[in-house]
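The values are calculated or read from the model by the stated rules, or taken from the named source; none is laboratory data. None of the values given here were measured: they were computed from a predicted structure. Positions of Cβ are backbone-derived with ideal geometry, glycine not excepted, and every protein chain shown enters the neighbour counts. In case anyone asks, the SASA skips ligands and DNA or RNA and just uses the protein heavy atoms, side chains included. Shrake-Rupley method; radii C 1.70, N 1.55, O 1.52, S 1.80 Å.
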Amino acid sequence: MATKEYSFYPGCSSQEGASSSNYLVSVESMCEELDVKLNTIPDWNCCSASIGYCGGGELPRLTLSARNLALSEEHNPGQDVVATCAACWLATRETAERLGEDDDLMAETNQALAEAGLTFKNENKIRHMVEVLIDDFGYEELGKHVKKPLEGIKIAGYVGCQTNRPFGIEGESFENPKYLDKLVETLGAEPVENYEKKVSCCGGALAFSEPEKSQALIKEIIESAYDGGADMIVTPCPVCQMNVEVYQDKINAKYGTKFHIPVTYYSTLMSVAYGRSAKDSALGGQIIRAKQLEDIANK
Amino acid sequence: MSDMNVAMVERYRNNFLKEVEHNVEEGDWVKMCMQCGVCSGSCPLGPYWDHPPQELFMMIRAGKREEVLTSTSMWMCTSCYNCIVRCPRELPITHIMHGLAHYAKRLGLAPKEQPTFKFSQHFWNNLVKKGRVNELKLGLSLYFMNGLVEGIKTSLNMAGIGLGMLKTKRMSPMEMIGGHSVKDTKGFHAMLKKAEEIEAARVEKYGKGS
Ligand code: SF4
Ligand code: SF4
């Protein structure tokens, strides 16, 4: 297959020294194996995720994403825009749709963009990395690259909210999307069937502002993974990953639970299964170490 | 009460629905709600909403302006989008919640001690500065948002998490000094300023009763 190229929007949490920098490392390894070239949008900015609305009004927030898209059109013409973060993908795709439907908003946005010497034409699709994997490659093709099947590991596919709603992955249901499970199977691991909290909310950004209320939600997500016999949890979203991984000690202290379950990205699993090293798979980025993956990577 | 709030009360008198339609993001959808209640059963933090979305929409129509705009309810929205995919009338409920929160803030009516109000404002300020979010400074400003003593307590409480993030290089002390930024900060700031001006002019126009 020829090299596939995409315009890439990495987002704030993927930056060096930021909370999902490990996600980016594993994505890069995965893409190398799949012969995917990610052309980072030059000088991209924050999309304000789903939380900037107190200070940021509608137009300023739409303008943020429109700037990224305008830069993408200018520097990576004709390429689909791909995001790895669910919130980035959502905010960016929503902007394109909203401006596509509303000419007045589009005109106002371009008036603002002109101050930065930019114009947004709304020419390209905005996609999540998972969509690229499933639609542009497909499970069969993805399976062909597996060098070290993830045998003997049982994995709960935690899809969460924003990769699933309102857009989701084509052909999947909102209640029980199967793509993570199918991906897990493709890599030689065993998915948890009927993972009850698969599409439940982890609190998102409110994990910061309402920690106790959110940790109660997170507790159920982890509990239900254990109930399904999971050795680890996999997710396509950096907010989910962080929330479900880093508060386990706090939850244990409060609820007397004994949670200690690794939470990885799909790209972490893929890098390992594709034969990359622990370093290339960013296993060092796990606060709760994924020992089973380390063993396979070090084999 | 802010001047803008006085102007809006003056302008819309007893028609809060119209005020919402004119000034709140996606507010013109509110009248489409058929009060089925599906959205209200969808919020992950449901027990903490004084007025779930369905009720807010009813209150808007009933003209309960003060009660709606000072409510903590819309600040409980986790942006989970459960409601949007379930609503039989396809209301963009999540965006209306964000829109109501922003409008309440704009008029100076939002509950200033509400933690998500503070976090959301900190987040915006942080991103506006350099065009990209600096997680370390955002985190610190967050811990200290309730004052120094509370902040030190929260920091100690969260220290374990910070340490884990540092060790795995998912947090960097270097962010304190420089940190990530867009290159064209000048254009970036000019662009946002323009967007804010256009939006303010739109609200102003309604406030004056064009
Ligand atoms: S689900 Fe839709 S129609 Fe039903 S109460 Fe909520 S907003 Fe109204
Ligand atoms: S997006 Fe907000 S309003 Fe909608 S169900 Fe989730 S928390 Fe409730």
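Given the criteria open to solvent by less than 10 Å² (accessible area, probe 1.4 Å), polar (S, T, N, Q) and part of a helix (DSSP H, G or I), does residue A:241 qualify?
Here the answer is yes, as residue A:241 does meet what is asked.
Select from the range B:38-58 the residues that are in a loop (DSSP other than H, G, I, E, B) and within 12 Å of ligand 2 (Cβ to nearest atom) and write down the one among them that is surrounded by the fewest Cβ atoms within 10 Å (Cβ to Cβ).
Applying the filter and picking the extreme gives B:38.
Might you let me know whether the range A:180-196 holds any residue that is within 13 Å of another protein chain (Cβ to nearest Cβ), more than 16 Å from ligand 2 (Cβ to nearest atom) and surrounded by fewer than 24 Cβ atoms within 10 Å (Cβ to Cβ)?
no
Only one of these conditions is not met by residue A:163: (1) under 28 Å from residue A:143 (Cβ atoms); (2) open to solvent by less than 10 Å² (accessible area, probe 1.4 Å); (3) modelled with pLDDT of 95 or more. Which number is it?
(3)
Report yes if some residue within the range A:226-236 is at positive phi, touching a Lys or Arg at 6+ places or on another chain (Cβ under 7 Å) and surrounded by fewer than 18 Cβ atoms within 10 Å (Cβ to Cβ); otherwise report no. Give the derivation first.
Kept after step one, since they are at positive phi, are these residues of the range A:226-236: A:229.
Checking the rest, the ones that are also touching a Lys or Arg at 6+ places or on another chain (Cβ under 7 Å) come to A:229.
From the residues that got through so far, the ones that are surrounded by fewer than 18 Cβ atoms within 10 Å (Cβ to Cβ) too are A:229.
There is at least one residue in the range A:226-236 that is at positive phi, touching a Lys or Arg at 6+ places or on another chain (Cβ under 7 Å) and surrounded by fewer than 18 Cβ atoms within 10 Å (Cβ to Cβ).
Hey, does the range A:138-159 have a residue that's under 17 Å from the mean Cα position of the chain (by Cα) and within 14 Å of chain B (Cβ to nearest Cβ)?
Yes - at least one qualifying residue is present in the range A:138-159.
Only residues in the range A:105-118 that are within 10 Å of chain B (Cβ to nearest Cβ) and among the hydroxyl-bearing types (Ser, Thr, Tyr) count as the first member; pair them with residues that are part of a helix (DSSP H, G or I) and open to solvent by less than 20 Å² (accessible area, probe 1.4 Å), Cβ under 8 angstrom, at least 6 apart or cross-chain, and list the lot.
Qualifying pairs under 8 Å: A:109/A:59; A:109/A:62; A:109/A:63; A:109/A:66; A:109/A:99; A:109/B:195.
Here are some residues: B:31, B:18. Which one is part of a helix (DSSP H, G or I), surrounded by fewer than 20 Cβ atoms within 10 Å (Cβ to Cβ), at pLDDT 95 or above and within 12 Å of ligand 1 (Cβ to nearest atom)?
Matching residue, one of B:31, B:18: B:31.
Out of everything in the range B:81-94 that is closer than 22 Å to residue A:208 by Cα and open to solvent by less than 10 Å² (accessible area, probe 1.4 Å), what residue ends up being nearest to ligand 1 (Cβ to nearest atom)?
For the range B:81-94, the residue satisfying everything is B:94.
Collect the residues in the range A:58-90 that are open to solvent by 10 Å² or more (accessible area, probe 1.4 Å) and basic (Lys, Arg), keeping them in residue-number order.
A:61
Evaluate the following for residue B:116: is it under 18 Å from residue B:51 (Cβ atoms), within 15 Å of ligand 2 (Cβ to nearest atom) and open to solvent by 10 Å² or more (accessible area, probe 1.4 Å)? Spell out the reasoning first.
Working: under 18 Å from residue B:51 (Cβ atoms): yes; within 15 Å of ligand 2 (Cβ to nearest atom): yes; open to solvent by 10 Å² or more (accessible area, probe 1.4 Å): no.
Criteria not met by residue B:116.
Determine the pairs where a residue that is more than 9 Å from every other protein chain (Cβ to nearest Cβ), located within the range A:200-223, has a partner that is of a type in the set (Gly, Ala, Ser) and surrounded by fewer than 23 Cβ atoms within 10 Å (Cβ to Cβ) with Cβ atoms under 7 Å apart, the partner being 6 or more residues away or on another chain.
Every condition considered, the pairs that remain are A:220/A:200; A:221/A:200.
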